[in-house]
Each structure stands twice: as structure tokens, then as C-alpha cells.
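Structure first, then comments.
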Amino acid sequence: MDDTVATERDFTSRWHTPPNFRIAAELIPFKRAFPDAGHVLDVVRKDPETRIAILGGADPAVRTARSAAFRAAPLDEIATWPFRLVHFNLSRFYDGLLCDFQDQIMIPWRTFLSSQGFTWQRCAPTLFLSTHGSSSTYHADNSHGLVWQIEGTKTFHSYREPDRVVSVDAAIRSEITAEHPPPHEATDRQSIRLRPGDLAWSHILTPHWVSSESDLAMSVTISHGGLCHQGSYALREAALRQRWDTHPDEPWLTDLRNTRY
Ligand SMILES: [Fe+2]
């Protein structure tokens with residue numbers, strides 16, 4: 001499946017129900033400008049809020065040694081290690097590495113959403129860097145995501161009909177999270193291959209996983225919590241909020257305290 005949302009009308013009609021979709025570059029108004037992945041890796045790896053997972057079949061002692069050396073080892077060497085790096089708080093770099101990010105990306109994107117009748121409670125970017133052969137976990141997020149592939153190639157996997165595979169309740173309770181997806185029919189899977197400059201929409205509370213297919217792949221996902229179009233939530237977000245009505249201790253833990261999901 002490779003349908004692409006290319007018009008504002010398509011976007012405002014497709015955003016509130018799965019499946020995910022590719023977005024035509026010309027629809028998104030922000031200038032795709034970002035420092036190169038090697039430089040980003042070199043700066044971000046030293047930040048204490050950076051999360052790094054060393055992957056691969058190397059023995060545990062090797063993975064432990066690589067984890068310890070990650071912040072100081074030569075970049076060329078790190079690029080040969082299977083790893084994934086995530087940073088949920090890019091505002092830490094707004095006065096340096098990402099000094100243009102607000103003006104060039106976030107403000108135009110928020111302006112676009114507003115102009116199309118959207119409102120939201122949270123809107124924040126997350127950085128993902130990974131190497132060939134590495135993969136994200138299998139999970140679902142409490143937010144809609146605009147996925148922007150910046151450098152290298154990744155494939156964003158999800159299901160064509162997530163309602164047939166995972167109930168909203170199971171996704172809300174995070175029961176599905178695992179290192180790898182469960183066995184499934186290839187025909188049920190929706191895989192969107194993302195090359196530099198490509199964009200995709202990740203629907204709230206739908207299971208997904210991402211595989212990296214280049215030496216160094218970098219993407220940013222802008223996540224949106226409480227996204228509404230003309231006053232209406234997507235169905236899966238409405239289910240989440242109904243759950244919070246009956247479990248009022250949970251929003252604090254899963255949404256309001258953590259800007260990252
Ligand atoms: Fe995700």
C-alpha cells in the first residue's frame with residue numbers, strides 16, 4: 001500500500017482513522033533543513049538525556065563495552081555498531097545545534113495545523129538515529145506522529161487494519177510493547193519506505209515498528225497529543241480519554257507528565 005495524502009482536504013479527512021499514510025512533500029510547508037546526521041550524532045550522544053540501546057548479536061560483554069564507550073568512541077567506529085538512539089527533549093539544543101528548528105520547522109508546522117482547523121494539547125519533536133539492521137521496539141504511542149525522514153532509509157511498519165490485530169484497550173494499556181512484532185501475515189502489514197525528505201503519518205495508539213536500512217538513518221517525529229479537528233478527537237484518542245475518565249490517576253502518568261508520547 002503506498003497511497004499518498006497530497007492535499008489539505010485529504011489530510012483533514014484521513015487523519016482521524018487508520019491506516020497510516022505517506023504525505024506528499026509539497027503539502028508540508030516547512031523547510032526541510034537539519035544538520036547532517038554525523039554531526040547530530042556527535043553532539044547528541046554526549047547529552048545526558050539521550051537514550052541509547054546497543055543492539056545485535058554480539059555477546060553481552062561487547063554490548064556493555066560499547067554502551068560505556070558510546071559517548072567518546074570515534075564516530076566511524078560507532079557507525080558500524082547496531083544501535084538506536086532516541087532524544088525526547090530537543091529543546092535542549094535550541095540554542096546551539098538546532099537553533100533554526102523553531103523558525104524553520106515547528107512554527108510553520110503549527111501554523112499549518114491551525115490553518116486547517118486543528119487544535120492540540122502537546123506538540124513536540126523526538127529525534128531518532130539508528131544504524132543498518134537495527135529496529136525500534138514494537139509499540140503504540142499516545143500521540144499522532146508526523147514522521148520526517150531526514151537522512152538514510154527506514155521503513156515504517158504497521159497494519160493495514162489495526163482494529164483487526166490489536167484492540168484499542170490493549171494498546172492503551174501498553175500490553176503490546178515488545179522488542180519485535182508478533183508473527184503476522186505479510187498481507188496484513190503496511191510498510192512505508194522512507195527516504196530522505198519523505199513524510200508519513202503515524203496514527204495514535206496503532207502498533208508499529210521501524211527498521212533501519214542504511215549505515216546511519218535519522219528521522220524526527222513531531223508528536224501530537226490531544227489533537228482535535230474542529231473539536232473532534234480521532235476515535236482511538238476518544239477511547240483513551242474515556243479510559244482516563246474511569247481511571248483518573250492514569251493521565252498524569254501517561255500524558256500530562258510525559259511530553260514525549
Ligand atoms: Fe512510535
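What to note about this one:
- Odd one out for Thr177 among (1) surrounded by fewer than 17 Cβ atoms within 10 Å (Cβ to Cβ); (2) more than 15 Å from the ligand (Cβ to nearest atom): (2)
- In the condition set (1) away from the ligand (no atom under 16 Å from the Cβ); (2) without any contact (Cβ under 8 Å) to a residue 40 or more places away in the chain; (3) in contact with a Pro (Cβ under 6 Å, 6 or more places away or on another chain), Ser167 is compliant with all but (3).
- Here the stretch 44-90 is the region considered, the condition is being small (Gly, Ala, Ser) and outside any loop (DSSP other than H, G, I, E, B), and the residue that is surrounded by the most Cβ atoms within 10 Å (Cβ to Cβ) is Ala53.
- Residue count, the stretch 13-57 (criterion: in contact with a His (Cβ under 6 Å, 6 or more places away or on another chain) and not hydroxyl-bearing (Ser, Thr, Tyr)): 3
- On inspection, Asp36 does not qualify as at pLDDT 95 or above and either in contact with a helix residue (DSSP H, G or I) (Cβ under 9 Å, 6 or more places away or on another chain) or crowded, with 19+ Cβ neighbours inside 10 Å (or both).
- Output for the stretch 225-249, where each listed residue is in a strand (DSSP E or B) and either more than 15 Å from the ligand (Cβ to nearest atom) or modelled with pLDDT of 95 or more (or both): Cys228, His229, Ser232, Tyr233
- Number of positions in the stretch 123-165 that are part of a loop (DSSP other than H, G, I, E, B) and either in contact with a Cys (Cβ under 7 Å, 6 or more places away or on another chain) or farther than 16 Å from Trp201 by Cα (or both): 7
- Reported count of residues in the stretch 139-161, each being within 13 Å of the ligand (Cβ to nearest atom) and either buried (at least 19 other Cβ atoms within 10 Å of the Cβ) or modelled with pLDDT of 95 or more (or both), is 12.
- Yes/no for Pro82 being away from the ligand (no atom under 16 Å from the Cβ) and in contact with a Pro (Cβ under 6 Å, 6 or more places away or on another chain): no
- Summed over the stretch 1-40, the residues that are in a loop (DSSP other than H, G, I, E, B), more than 17 Å from Phe112 (Cα to Cα) and of a type in the set (A, V, I, L, M, F, W, C) give a count of 3.
- Subset of the stretch 203-219 (residues that are in a strand (DSSP E or B), buried (at least 23 other Cβ atoms within 10 Å of the Cβ) and within 13 Å of the ligand (Cβ to nearest atom)): His208, Val210, Ser219
The values are calculated or read from the model by the stated rules, or taken from the named source; none is laboratory data. This is a predicted model, so every value here is computed, not measured. Note that we place each Cβ from the backbone using ideal geometry, even for glycine, and neighbour counts take in every protein chain shown.
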